[in-house]
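See structure below.
The values are calculated or read from the model by the stated rules, or taken from the named source; none is laboratory data. Note that this is a predicted model, so its numbers are computed, not measured. Every residue, glycine among them, receives a Cβ derived from its backbone with ideal geometry; neighbour counts consider all protein chains shown. These accessible areas exclude ligands, DNA and RNA; they are computed on the full protein's heavy atoms, side chains included. Shrake-Rupley method; radii C 1.70, N 1.55, O 1.52, S 1.80 Å.
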Amino acid sequence: MANPIRQLITVTGAAAAQVLDFLQSPFNVSVGVDLSNATGAVYGLQYTLSDPTGMLYEPGGVLQNPTVTPLWRNDPILGPGSNTSGLTGYTQPIFAVRLNVTALTGGTIVLEIMQGISAQR
């Protein structure tokens, strides 16, 4: 993905997961949260190593398994209770990120994700 993903969030709860290119090598992704147009916002950024769509990637191919429930982990920088804009990054492969909004009295939270393109070898 060369262009940033922007997700506009206007309600509380877990926002839709944003799947990343976990096969990118070297892996590098930046995730920013912008609260400049949001009031009373409290959130936590989460990541998972599992595919939230229920797909399993195995040597023989891809299998659909809707019983897979991803384990969401809290980001150590923008974790639960965050109430300011911020930026974090990941250099180890992760599958997806999402924002879990626990409070929002008005406006829009912007989640922005930037992941580079793997270098051609």
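General observations
- Checking each residue in the range 16-28 for being in a loop (DSSP other than H, G, I, E, B) and either of a type in the set (S, T, N, Q) or open to solvent by 20 Å² or more (accessible area, probe 1.4 Å) (or both) picks out Ala16, Ala17, Asp21, Phe22, Leu23, Gln24, Ser25, Pro26, Asn28.
- If you go through the range 93-115 and pick out every residue that is in a loop (DSSP other than H, G, I, E, B) and either at pLDDT below 95 or open to solvent by less than 50 Å² (accessible area, probe 1.4 Å) (or both), you end up with 5.
- Checking Gly54 against (1) small (Gly, Ala, Ser); (2) surrounded by 15 or more Cβ atoms within 10 Å (Cβ to Cβ); (3) modelled with pLDDT under 95, the condition it does not meet: (2)
- Enumeration of residues in the range 33-55 that are within 13 Å of the chain's Cα centre (by Cα) and under 24 Å from Ala103 (Cβ atoms): Val33, Tyr43, Gly44, Leu45, Gln46, Tyr47, Thr48, Pro52
- Here the condition is being open to solvent by 60 Å² or more (accessible area, probe 1.4 Å), among the β-branched types (Val, Ile, Thr), at pLDDT 95 or above and under 23 Å from Thr108 (Cβ atoms); of Val31, Val11, Val42, it holds for Val11 alone.
- Residues in the range 57-92 that are part of a loop (DSSP other than H, G, I, E, B), open to solvent by 90 Å² or more (accessible area, probe 1.4 Å) and modelled with pLDDT of 80 or more: Thr69, Leu71, Pro76, Ile77, Pro80, Asn83, Thr91, Gln92.
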